[in-house]
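Have a look at the structure below, then the notes.
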Amino acid sequence: MDEEARWFRAFHLLFYACLAIPALTGREGGAPAWAVAAVMALYYWLFVVRGRDRFERLHPMGWHLTVLIALMAVLIVLDPAFDTLIFGMLALPYVMLPGRWAYGGAAALVTTAFSAAGGLAEISRAPSRAVSLLAGIALAVLMGLFVNFLVKAGERNRELGVLEERTRLAGEIHDTLAQGFSGVITQLEAAEQAGDDLAAVRERIASAKRLARESLAEARRSVHQLRPEPLQRERLDLALAGVARRWSARTGVRTRMAVSGPPRPLDPDVEVVLLRAAQEGLANVARHARATSVALTLTYMDGEVTLDVLDDGAGFDGLSIDGAGPDGAGGDGGYGLTAMRERAARVGGAVTVESARGEGTALCVSIPCA
């Protein structure tokens, strides 16, 4: 049973409890009150409990609510003990009627109950009774406004959750499938260029197959929100060293990994951000930098951890707002760096990129941590 169904069941149980208690304990209504209560219970079952698919349709739910309010008024006239029935019916206008009609239904419910209990007749003798009526209507309307606010807030949170999940999956797909395919293509192109050197061709094809398997496994882990495979086996600094080593073997670019400060456990989300940033940084170097060497430095400080990726490649002049080069460097429309910034921001971090043409590029990810 879903959460909405449980709430509807709770409303129905509350209604029947508020109807049954006065019927069993009331002293004035007698058999007529019993008969009307039985009719009301049956009507509620037929057109409210079984009519959920017609909720928020003015026709016929407006007519059903009018009948239930009339039956409530008859019961209160027969036995004032039934005035507690309003507590079991106060949610009905907001469940059964659409939009602003619900507020009118709530006002009609409170006014009818007040009138059936003799309240309108008393206003002429005690004008203060009008204040009680207005207060009751205001309370019913405010309750509806508050419930609608909660419903809309819940819908906004669900939409935000869906958007965040889509963003997460887009980033994970970029970091796994897109980068993996790029690597596979690079290896296959190298195999084509190897010509008649069968050993080199086999080596490149084997490397492409291995990279494809790794990318597929990472994509599956991303869909299931599991930690990246390197972080499952090793702590962050060792996982980064492994990423750098495997990337260097594929690309032939000399890579050095250094750690500054004593390594310590970090929040899992922080570790994932840093690992993905290293993968993205190295992927950008392979695509655009034409570098001969890359240096990765992981620095542990008292209140912060940073990852620097520096290459001696071609570099570029200036940065666009998303961190891509002015000539569109990034190959993916700058999405990789944009996703990196979004990931870092989710854990309170920041990404900076510095570059100059002919002087390489420096990527820095900094994240505050305890």
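What the table below lists for this structure:
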{"read-out": "Residue list for region 282-313, filter: touching a residue at least 60 places away in the same chain (Cβ under 8 Å) and part of a strand (DSSP E or B)", "value": "298, 304, 305, 306, 307"}
{"read-out": "Region 112-135: number of residues that are over 16 Å from residue 75 (Cβ atoms), part of a helix (DSSP H, G or I) and among the polar types (S, T, N, Q)", "value": "2"}
{"read-out": "Lone qualifier among 286, 277 - being among the small types (Gly, Ala, Ser), modelled with pLDDT under 90 and closer than 14 Å to residue 243 by Cβ", "value": "286"}
{"read-out": "Selection count, region 191-200, where residues are surrounded by 15 or more Cβ atoms within 10 Å (Cβ to Cβ) and either at pLDDT 80 or above or polar (S, T, N, Q) (or both)", "value": "1"}
{"read-out": "Search result, residues across region 80-97 that are open to solvent by less than 30 Å² (accessible area, probe 1.4 Å) and assigned to a loop (DSSP other than H, G, I, E, B)", "value": "91, 97"}
{"read-out": "Residue 67 open to solvent by less than 30 Å² (accessible area, probe 1.4 Å) and either more than 27 Å from residue 148 (Cβ to Cβ) or part of a helix (DSSP H, G or I) (or both)", "value": "no"}
{"read-out": "One residue from 155, 164, 203 being modelled with pLDDT of 75 or more, out of contact with any Pro (no Cβ under 6 Å at 6 or more places or on another chain) and either farther than 25 Å from residue 272 by Cβ or open to solvent by 90 Å² or more (accessible area, probe 1.4 Å) (or both)", "value": "203"}
{"read-out": "Members of region 126-152 that are among the β-branched types (Val, Ile, Thr) and exposed (fewer than 13 other Cβ atoms within 10 Å of the Cβ)", "value": "131, 151"}
{"read-out": "Test: residue in region 48-55 that is assigned to a helix (DSSP H, G or I), closer than 30 Å to residue 155 by Cα, at pLDDT 90 or above and not charged (D, E, K, R)", "value": "yes"}
{"read-out": "Every residue from region 23-48 that is within 14 Å of residue 72 (Cα to Cα) and touching a Pro at 6+ places or on another chain (Cβ under 9 Å)", "value": "29, 33, 37"}
{"read-out": "Unmet criterion (only one of (1) under 23 Å from residue 19 (Cα atoms); (2) free of Cβ contacts under 8 Å to residues at least 24 places away in the same chain; (3) open to solvent by 30 Å² or more (accessible area, probe 1.4 Å)) for residue 119", "value": "(3)"}
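The values are calculated or read from the model by the stated rules, or taken from the named source; none is laboratory data. Keep in mind the model is a prediction, meaning the values are calculated, not measured. Cβ sites come from the backbone with ideal geometry, for glycine too, and all protein chains shown count toward neighbours. Heads up: the accessible areas ignore ligands, DNA and RNA and are worked out on the full protein's heavy atoms, side chains in. Shrake-Rupley method; radii C 1.70, N 1.55, O 1.52, S 1.80 Å.
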